[in-house]
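In what follows, a structure is listed as structure tokens, so that the remarks can point back to it.
The values are calculated or read from the model by the stated rules, or taken from the named source; none is laboratory data. These numbers were taken from a predicted model, which means no experiment stands behind them. A quick note on method: Cβ atoms are made from the backbone with ideal geometry, for glycine too, and the neighbour counts reach across all protein chains shown. Side chains are part of the model used for accessible areas, which takes the heavy atoms of the whole protein and leaves out ligands, DNA and RNA. Shrake-Rupley method; radii C 1.70, N 1.55, O 1.52, S 1.80 Å.
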Amino acid sequence: SVLTKETYFSPKMKEILGYKDHELEASLKVWEDMVHPEDRNQLIEMMNEMIMGQKTNVQLELRLRNKSGEYIWNAIRGGIILDPNNKPVRIVGTNADITELISQRFKTQKLESDLNQKETDINQLKEVSYQDALTGIFNRRYFIDYAQNFDLRENNQSNFCVAMLDLDLFKDVNDSYGHDAGDDLLKRTVRIMQ
């Protein structure tokens, strides 16, 4: 009751939470204390919205502590009963254990997240496998895959060119000045070509 704060827990609700009918005192304080601390504000906000006339029916999912002290997910559906003058008289509600459903939802979300990460990883690996690690330019593997999937007629392109470049005496640079100098020469050459 909104006016008297009288509270009633059905035997079925008590059973869902692992209690026998006589084991659970029915009070608003007990109800609020059973709600997970992170979900409590959501419940209080829902009740206030109904009492203030902002909502007549609500649905939410929250965790309730059962007899063994574990939190289980419940789907709560509530409504408000008004008197002939449209003043709130009583809040009524039902709850159903949806722990398994929420568990499956979390598993599905995790699988989707893992799948998205794997797709991202594959795309990144493909990108890396197509580019020279030192210079960042496309490598032979890229051109082979590109050529196998490229159809001039379909793409309506008439110009296509592949340029190959050889640096004379490059081995001498590496031998005389070291591999860091050879790497620098390759990177500078690529920048010039780009």
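Rounded to the nearest 10 degrees, the angle from helix 179-193 to the longest Cα principal axis of the chain is 90 degrees.
Given a 1.4 angstrom probe, what's the average accessible area per residue across the chain, in square angstrom?
Values: 14770 Å² over 194 residues.
Heavy-atom SASA per residue in the chain reads 76 Å².
Taking all protein chains in place and a 1.4 Å probe, what share, in percent, of the accessible surface of the chain do carbon and sulfur account for? Let's see the in-between values first.
Numbers: 7580 of 14770 Å².
C and S atoms contribute 51 percent here.
Going highest first, how would you order 99-108, 38-47 by mean Cβ packing within 10 Å?
Per-residue mean Cβ counts within 10 Å order the peptides as 38-47, 99-108.
Counting helices only, and only those DSSP H runs with n ≥ 4, report the 222 nm mean residue ellipticity of the chain as the sum of -39,500 (n - 2.57) divided by its residues, in deg cm²/dmol to the nearest 500. So the calculated ellipticity at 222 nm is -15500 deg cm²/dmol.
Length available on full extension from Arg65 to Glu49: 0.36 nm per residue minus the Cα-Cα distance, which gives 3.4 nm. Dividing the convex hull volume of the alpha carbon atoms of the chain by its residue count gives 280 Å³ per residue. Counting only aspartates and glutamates at least 8 places from Lys67 when in the same chain, those with an alpha carbon closer than 15 Å to its own are Glu15, Asp21, Glu23, Glu25, Glu32, Asp33, Asp97.
On full extension of the chain, what length is gained from Asp183 through Ala147, given 0.36 nm per residue of separation minus the C-alpha to C-alpha distance?
On the way: separation 36, 0.36 × 36 = 12.96 nm, distance 2.82 nm.
Extending this stretch completely gives an extra 10.1 nm.
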